[in-house]
Structures are given as C-alpha cells and as structure tokens.
Amino acid sequence: MNTETHVDTIVIGGGQAGLSVSYHLRERGVEHLVLDASARIGDAWRNRWDSLHLFTPARYDGLDGMRFPGDPADWPSKDAMADYLELYARKFGLPVRSGMRVDELTRRADGVFVARCGDEIFTARSVVVAMSNYQVPRVPAFASELSPDIRQLNAGEYRSPDQLLPGRVLLVGAGNSAAEIAKELAATHPVTVAGPSTGEVPGSFTSPISRHVVVHILNGFVFPRVMSVNTPMGRKARPKIMSKGVPLIRVKSKDLARLGVERAGRVTGVEGGAPVLDGATVIDVENVVWCAGFTPGFSWIRMPILDEHGEPRHERGVAAEVPDLYFVGLHFLTAMSSAMVHGVGRDAARIAALVSDGAGSRGAADANGPLRESEGVRHAGSVEASA
C-alpha cells in the first residue's frame, strides 16, 4: 500500500549539494525534505577508491555554516569528507531521508510535483534536484566483446590495485579520474592511458609551497570568479569544458610520464577479444578500467526538460520550462566550481532564495541573469569534479 507525504519542497540528493540547499532552506524557514538514495549520508564519497583525497585542503572543504574540522592545511580523505557531511546534517538537524531512491518525478495538472520512491509517494510545491550529472558510468557496448580473461572495472567500481590481475592495465579515458588512478597503479602495474587530452590547469602540485599557492589561486579566484557565466572568458570556455571534461588538476601528463605511464589514442573497438586503438592497433592487456565519464542519469525525471543527451535544460539552475523545478550541483551550473565542494554553497543559497520567494513562477530571467544551455553541448564529466 502506497503512503503519501506532502511537504513544501523536496530536495533530491543528500550529498554536498543537497545538504547545502537544505541548510539554506532551513535558514529561510522553508519546510522541506531531502530524499537520498544512499543508505548513509556521505556514502557517495565512501564508495570511491580507497586512496582518494580531495583536491583542496580543509580550509576550502567546509559547507556554509560549518568549517571542516582539523588542520586547515590538511588534504582530507574521501572518508573524512563523508564523515563531515554526516556531522553537518546532524548539527543542523537537516531532514534527510536515507535509502529513498526517486524512481520517478512527475508534475500533476495542478502544478504539484510527485516523487515516487518505491511504495512511498512524496508531493511538493517545488523540487530541487541537487545532484551532479555524473550518475551512470559510461561504458561502450563493445566492452562485452572483450575476452573474459580481461578484468574489467569502471571508475565507480575501482577501489585499489588489489582488484586487478597481474599485467598491464588500460585506463580508457584521460581525465582526472584516469590520471589519479594511473598514478596509483603505476607502482604495481604497467599502465596505459587511452584517450584525448582534456587539457590541464596551469600550475604545479609538486612542492608544498607551489601546491598551496596554486590551490588558493584556482579555488579562491579562478574556478568561482574567472571561469564563470558572469565573465566573457568563462562564457567562452564553458562549452569546451562541458564537452571535453574537467582539465587535469592535480596529476598532470608530465607526472604520469615520470612514472612510466604510457599514452595512447582512443579505444575504438575490439578485435580478437582485445582492445583496438586509433589506427587499428591492438593492445595486449590483462585489465581495463573504464574512466570514460558518466551519463547524466536523469531519465527518472518525467517532464519535458531533458535535451537529446539526457541533460537538463536550465538557466542557472532554474528549469524555465517547468516552474518551481530547480537544479544545484550540475557541472558548470554557473561556474567551474559549481559541482565542487567549495563552490556549491553559492548556487545553493541563490536557489534556496528563489524557492523561498516562489520565484520559479516568474520565469528564469529572475535567476541572476539569462543563461541558456548551448544546443548540442555534451557534459563529459569526471568523478573527480566534486573532489
């Protein structure tokens, strides 16, 4: 038997984006409920590979209202980040319902949103989808043609080198996830990274001084202010970043070269059970780790707001075609920092204000200026974008 619960606002997603939105809605006195598919707050971080650390020191890793505990200069592990999110929700009494995967989101003729989670139904005046567009790992159909003797994992399944067979590892994809995993695997396996370059942010992480200077410049200035929809440079760079993925931030090409990691072109298919590269070159490998980005995974939104690639059409997080539907946490929602821990709060505060004021019915032009998703732009996300 279905049960039905009505609240003013539903927030879908209980990661840093959803908790940020919840915090700001709570500050404004908006009745709301956060629906999160994970069994425990922070599980999206806990379920990443064992050695993952954030790209930013702790001084940049706190959400609004609560600094990240410990030494501000330390670089937190993924488990420390998960525990912080759990503590954050507890401190502010945020109304999170864990284990609530939204199977379907619809909107009735009277304008009320309906979120179905198994046998439970939640209805609301407004909805904030607070999730990244890195939901489903992208693995090509021809992966099934690889020899069963080759160990295959995607970036979401990879935890440590112990999962892999002895012998060469082919990392398919050349973004941040592939670079970070390649650096780790280079100590135990011969490694090849296949795929076109996503570019690299300027600066070096090789020395403590340069690392902290670069981090401060990137996270305090470049990502939130320069690479923003509010600047000509940001507007010009946005379509390229959205289509190619996030440039390499911490582990650069020269770092991988020093470790003996080989580079190759795209993987284009399979021949005789082995991967084939550009130029019909067959590569002999024992392991393949797919780091080819993610698909958005928003097919459960049953409203006419998704483009031909499954990406939400929005203007700075406001779904112009569906009043009172909002997004927070998407890659480059308003800036390159939008999907990052230190940048999500700004978008969350703005969207919470729109929800509180009922601004969705006035149209997206009130959402701090117009911004329309470029036609045909594809998001080639990396699991590391929010790290």
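The values are calculated or read from the model by the stated rules, or taken from the named source; none is laboratory data. What you see is a predicted model; the values in this text were computed from it and never measured. FYI the Cβ positions are ideal-geometry reconstructions off the backbone, even for glycines, and counts take in every protein chain you see. In case anyone asks, the SASA skips ligands and DNA or RNA and just uses the protein heavy atoms, side chains included. Shrake-Rupley method; radii C 1.70, N 1.55, O 1.52, S 1.80 Å.
Starting from residues that are polar (S, T, N, Q) and not in a loop (DSSP other than H, G, I, E, B), keep the ones in the stretch 121-144 and report whichever is surrounded by the most Cβ atoms within 10 Å (Cβ to Cβ). The residue in question is 126. For the stretch 275-312, a residue qualifies if it is of a type in the set (D, E, K, R) and either on the phi > 0 side of the Ramachandran plot or open to solvent by less than 20 Å² (accessible area, probe 1.4 Å) (or both), and exactly one does: 311. Cβ separations smaller than 6 Å between residues 6+ apart or across chains give the following pairs from the stretch 17-44 residues that are more than 11 Å from residue 356 (Cα to Cα) and open to solvent by less than 40 Å² (accessible area, probe 1.4 Å) to residues that are part of a loop (DSSP other than H, G, I, E, B) and aromatic (Phe, Trp, Tyr): 23/92. For residue 242, the conditions (1) open to solvent by less than 10 Å² (accessible area, probe 1.4 Å); (2) modelled with pLDDT of 90 or more all hold with the exception of (2). Being assigned to a loop (DSSP other than H, G, I, E, B) and either buried (at least 16 other Cβ atoms within 10 Å of the Cβ) or among the hydrophobic types (A, V, I, L, M, F, W, C) (or both): is that true of residue 257 here? Taking the combined requirement at face value, the residue does not satisfy it. Taking the criterion of being under 22 Å from the mean Cα position of the chain (by Cα), within 21 Å of residue 301 (Cβ to Cβ) and in a strand (DSSP E or B), would at least one residue in the stretch 16-28 satisfy it? Within the stretch 16-28 (the criterion being under 22 Å from the mean Cα position of the chain (by Cα), within 21 Å of residue 301 (Cβ to Cβ) and in a strand (DSSP E or B)), the answer is no, since none of the residues qualifies. Each residue in the stretch 63-86 was checked for being touching a residue at least 12 places away in the same chain (Cβ under 8 Å), surrounded by fewer than 20 Cβ atoms within 10 Å (Cβ to Cβ) and assigned to a loop (DSSP other than H, G, I, E, B), and 9 of them qualify.
Can you confirm whether the stretch 3-13 contains a residue that is touching a Lys or Arg at 6+ places or on another chain (Cβ under 6 Å) and more than 30 Å from residue 160 (Cβ to Cβ)? Within the stretch 3-13, one or more residues are touching a Lys or Arg at 6+ places or on another chain (Cβ under 6 Å) and more than 30 Å from residue 160 (Cβ to Cβ). Put simply, of 168, 211, 151 the only residue that is more than 20 Å from the chain's Cα centre (by Cα) and closer than 16 Å to residue 249 by Cβ is 211.
No other residue among 111, 118 is within 28 Å of residue 357 (Cβ to Cβ), open to solvent by less than 50 Å² (accessible area, probe 1.4 Å) and out of contact with any strand residue (DSSP E or B) (no Cβ under 7 Å at 6 or more places or on another chain) apart from 111. Pairing residues of the stretch 87-101 that are in contact (Cβ under 8 Å) with a residue 40 or more places away in the chain with residues that are of a type in the set (A, V, I, L, M, F, W, C) and open to solvent by 50 Å² or more (accessible area, probe 1.4 Å), at Cβ distances under 9 Å and at least 6 apart in sequence or on separate chains, gives 98/39; 99/39. For the stretch 181-215, a residue qualifies if it is outside any loop (DSSP other than H, G, I, E, B) and at pLDDT 95 or above, and the qualifying residues are 181, 182, 183, 184, 185, 191, 192, 193, 194. The set of residues in the stretch 273-294 that are within 12 Å of residue 140 (Cβ to Cβ) and either modelled with pLDDT under 95 or out of contact with any strand residue (DSSP E or B) (no Cβ under 8 Å at 6 or more places or on another chain) (or both) comprises 292, 293. Is it true that residue 334 is open to solvent by 30 Å² or more (accessible area, probe 1.4 Å), closer than 30 Å to residue 105 by Cβ, in contact with a Lys or Arg (Cβ under 6 Å, 6 or more places away or on another chain) and among the polar types (S, T, N, Q)? Taking the combined requirement at face value, the residue does not satisfy it. Residues that are closer than 17 Å to residue 300 by Cα and open to solvent by less than 40 Å² (accessible area, probe 1.4 Å) within the stretch 94-105 comprise 100, 102, 105, listed in sequence order.
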